[in-house]
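Undergrad: Provided herewith is a single structure, encoded as structure tokens, for subsequent inquiry.
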Amino acid sequence: PKEKIEHLKQLMTDEPLKILEDISDMLSANHTKIYDRRALHIAVDLTYHSPKEFSFAGVNVPKGSMELLLFGDTRCGKGQVAEGMARFYDLGAVVSGESSSFMGLFGGVVRVGDSFQLTWGAIPLNNGRLVIIDEFSGLASADMGKLSRVRSEGIAEMNKGGIAAKTRANTRLIWIANPRGGKQV
């Protein structure tokens, strides 16, 4: 219907920031119920919509997806915005950093009877999707270092217990953390 198209054209603008603000206001009012946090909504929304890969100056960038760190005081809406948008888009796995291990995020080898079996974690299992790691400050810093290749190249590679495996893990990541020790930002 032509009238509907004309009505939508009047609502939209050619100013990208204004469009992002309008989307943020819609998400805030209808889905997250967190108000006056436009930058937070926009950052999470841009992470959801970041390209998995792209070509730049003739060079293929295989891991183009964004990572977002949401760092702030407790109860300022970080998790509620990220999880509210995951529900709205019906996309994204939410995992707890406090109760997750390296194996839960990346994967590992487990003993099954007399043999070993490979299990991939949340990041490789959500290749091309999004994972929200809530309270990631609960992860050991050594485990963060082990995630460097999967984060930079989008490749999960394992060589353990006689099992060698490699898979794509081009996953958009949202890391959520509060200051340690009850401090405030």
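Undergrad: Which one of Arg38, Arg75 is over 18 Å from Ile123 (Cβ atoms), surrounded by fewer than 18 Cβ atoms within 10 Å (Cβ to Cβ) and touching a residue at least 12 places away in the same chain (Cβ under 8 Å)?
TA: The match here is Arg38.
Undergrad: Now for a separate question. Take the conditions at positive phi and either within 13 Å of the chain's Cα centre (by Cα) or polar (S, T, N, Q) (or both) and apply them to Gly128. Does it pass?
TA: yes
Undergrad: Can you name the condition, by its number, that Ala82 falls short on among (1) under 18 Å from Thr32 (Cβ atoms); (2) part of a strand (DSSP E or B)?
TA: Condition not satisfied by Ala82: (2).
Undergrad: Of all residues in the range 110-121, how many are small (Gly, Ala, Ser) and either surrounded by 21 or more Cβ atoms within 10 Å (Cβ to Cβ) or part of a strand (DSSP E or B) (or both)?
TA: Residues that pass the stated criteria total 2.
Here is a yes/no grid of residues against (1) at pLDDT below 85; (2) within 20 Å of Thr47 (Cα to Cα):
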{"site": "Gly92", "(1), (2)": "no, yes"}
{"site": "Val95", "(1), (2)": "no, yes"}
{"site": "Phe102", "(1), (2)": "no, no"}
{"site": "Val112", "(1), (2)": "no, no"}
{"site": "Pro124", "(1), (2)": "no, yes"}
{"site": "Ala140", "(1), (2)": "yes, no"}
{"site": "Ile155", "(1), (2)": "no, yes"}
{"site": "Ile163", "(1), (2)": "yes, no"}
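Undergrad: Moving on to the next point. Any idea which of (1) out of contact with any strand residue (DSSP E or B) (no Cβ under 7 Å at 6 or more places or on another chain); (2) surrounded by fewer than 16 Cβ atoms within 10 Å (Cβ to Cβ) is the one Leu69 doesn't satisfy?
TA: That leaves (1) as the condition not met.
Undergrad: Leu27: buried (at least 17 other Cβ atoms within 10 Å of the Cβ) and hydrophobic (A, V, I, L, M, F, W, C), yes or no?
TA: yes
The values are calculated or read from the model by the stated rules, or taken from the named source; none is laboratory data. Nothing here was measured: the structure is a model prediction, and the numbers come from that model. Cβ sites come from the backbone with ideal geometry, for glycine too, and all protein chains shown count toward neighbours.
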